[in-house]
Amino acid sequence: MSEEDNPVKNPAKPNFGASGRKIVYDENGKPCRACNTLLDFRMVTNKNIAAAAVANDAANARNCPPDVEELGRSTWTLLHSIAATYPDKPTKSQQENLSQFMNSFSNLYPCFHCADDFREHIKKDKIKVTNRDEFGKWLCNAHNEVNVKLGKPKFDCNLWKERWKDGWKDGRCD
Ligand SMILES: Cc1cc2nc3c(=O)[nH]c(=O)nc-3n(C[C@H](O)[C@H](O)[C@H](O)COP(=O)(O)OP(=O)(O)OC[C@H]3O[C@@H](n4cnc5c(N)ncnc54)[C@H](O)[C@@H]3O)c2cc1C
């Protein structure tokens, strides 16, 4: 990385954004949209926090490329929904498909630093594909690891099916 592209040596490239998070730059020294919040991405590209905040609100309503949060929410929705429809008694081939999908996913996820950590997680806690509940709980724990990293509360994994498959027992999803 050149001195111009180094955020430590070049104050025009700040290390931290308005959200207090570290700004993630790609291998070319450009801020990575899928790895930063939109507010931080805008702050680095606009160099003006007030303008960034206004642009952030407008962009949220304008079908723009996803930031790290929108990408994350949509992805967890897909992954937990896959868990919800995964069979109770999957065939060998269904188990292989899910393992391959998750491994490919961990290499392709567009937020590259999120993907790096997720691959490390998979090394420590092997993906469980033996049945729906095993996979659902494994995924819930993986999501909780990210929640903890981001300072968010842990989700009660006994409730994963209510959240993602059957709806809450109080009937609010019926
Ligand atoms: C594989 C992966 C890795 C990520 N790594 C990072 C990272 O390193 N840094 C970063 O800034 N962001 C990361 N993200 C994004 C981050 O996890 C969130 O998606 C994002 O911050 C938006 O959070 P949110 O509060 O809207 O809820 P989300 O965490 O997106 O959760 C969506 C909904 O899922 C439910 N939920 C929450 N926890 C669980 C759980 N454990 N099990 C089941 N359901 C649950 C809740 O109802 C919640 O509203 C990652 C996303 C993915 C998919």
- Message: So, restricting to helices (runs of 4 or more DSSP H) that lie completely within region 73-164, which ones have at least 3 residues that are near the ligand (Cβ under 9 Å from one of its atoms) and surrounded by 12 or more Cβ atoms within 10 Å (Cβ to Cβ)?
- Response: 112-124, 132-149
- Message: Take the conditions outside any helix (DSSP H, G or I) and in contact with a Leu (Cβ under 8 Å, 6 or more places away or on another chain) and apply them to Ala18. Does it pass?
- Response: yes
- Query: Does any residue of region 11-26 turn out to be within 12 Å of the ligand (Cβ to nearest atom) and assigned by TED's automatic domain parsing to the domain that holds Asp116?
  - Reply: no
- Message: Quick check on my filter: what residues within region 45-71 are modelled with pLDDT of 80 or more and in a helix (DSSP H, G or I)?
- Response: Thr45, Val68, Glu69, Glu70, Leu71
- Query: Considering Tyr109, Tyr86, which residue is touching a residue at least 24 places away in the same chain (Cβ under 8 Å) and either touching a Lys or Arg at 6+ places or on another chain (Cβ under 6 Å) or small (Gly, Ala, Ser) (or both)?
  - Reply: Tyr86
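The values are calculated or read from the model by the stated rules, or taken from the named source; none is laboratory data. As the structure is a prediction and not an experimental result, all values here were calculated from the model. As a convention, Cβ positions derive from the backbone with ideal geometry for all residues, glycine included, and neighbour counts pool all protein chains shown.
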